[in-house]
Amino acid sequence: MLQHKRKIASLIIAAALIGSLAGCAVDINQVRQVPAARTVTAGKLPQNVPGMEFTRLVYALPEGSDYHMGGIGIKCLPLNQERWSADKAGPTDAVVQRVKQAMREGGASFVGDDAGLFPNALKTNPDLQIAGRVYAVELKTCSNLIGMQGAANVKVEWQIFSRQTNAVVLTTTTEGSFKQSQHNQTTATVIRDRAVEAAAANLSADPRYHDFMMQAAGRG
């Protein structure tokens, strides 16, 4: 009789836990979404902007900060809260190439041809170098038997360095978002990186970056 009561009590506790989880399901629609520069009037840079060297794209979130909330099942019940650690993999070469392409579509020019066999043949040491630092990520995903859906929002600090003056000549920040509304065979990392790509595209709409590059084109 006592064992039976314990079993009933366990079932009641389990039901209560499930109910509480259902009330705090992971909602990808809560992730902030910002418009991409491709859909806003940004004013594309002229063709005579100086070519730059893209040096680095790094993820530098505070150690232990909330990074990724993942859910599972039809109701997207919370599965785990992933926190950032320094040993997480950084961006791949493919991500860097997509980031550069997003910037090219806004008028940026990079030294050499990434697809060519001799990418540095045209000019090996341009004056300007650009790098990006991802310092904030909000990432929520939901997985089931079909696949994954999710949304991400990131903030990226961009710095432009001049070899001529040996100093950082521009620092600015852009925000980018991406949402995968339908379940498909993707990963949380891909969703995150697509948001970084959007942040790169949004550089063309950033007034500080735009004005700096226009002045650089005028000096050229």
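Need the failing condition index for residue 186 against (1) closer than 16 Å to residue 72 by Cα; (2) polar (S, T, N, Q); (3) assigned to a helix (DSSP H, G or I), just the number. The number of the failed condition is (3). Against the numbered list (1) surrounded by fewer than 20 Cβ atoms within 10 Å (Cβ to Cβ); (2) more than 23 Å from residue 79 (Cα to Cα), residue 176 comes up short only at (1). Taking the range 71-91 as the search range and keeping residues that are part of a loop (DSSP other than H, G, I, E, B) and over 20 Å from the mean Cα position of the chain (by Cα), which one is nearest to residue 150 (Cα to Cα)? Among those residues, the one meeting the criterion is 76. Yes or no: residue 69 at pLDDT 90 or above and open to solvent by less than 30 Å² (accessible area, probe 1.4 Å)? Here the answer is no, as residue 69 does not meet what is asked.
For the range 206-220, how many residues meet the condition of being surrounded by fewer than 20 Cβ atoms within 10 Å (Cβ to Cβ) and in a helix (DSSP H, G or I)? Total meeting the criteria: 10. Given the criteria open to solvent by less than 70 Å² (accessible area, probe 1.4 Å), at pLDDT 90 or above and of a type in the set (Ser, Thr, Tyr), does residue 135 qualify? No. Could you check the range 72-124 and list, in sequence order, the residues that are modelled with pLDDT of 80 or more, of a type in the set (Asp, Glu) and open to solvent by 80 Å² or more (accessible area, probe 1.4 Å)? Passing the criteria: 93, 105.
The values are calculated or read from the model by the stated rules, or taken from the named source; none is laboratory data. Since the model is a prediction, treat every value here as computed from it, not as a measurement. Every residue, glycine as well, gets a Cβ built from its backbone with ideal geometry; the counts of neighbours run over all protein chains shown. The protein model used for the area step is the full one, side chains on, heavy atoms only, and it has no ligands, DNA or RNA in it. Shrake-Rupley method; radii C 1.70, N 1.55, O 1.52, S 1.80 Å.
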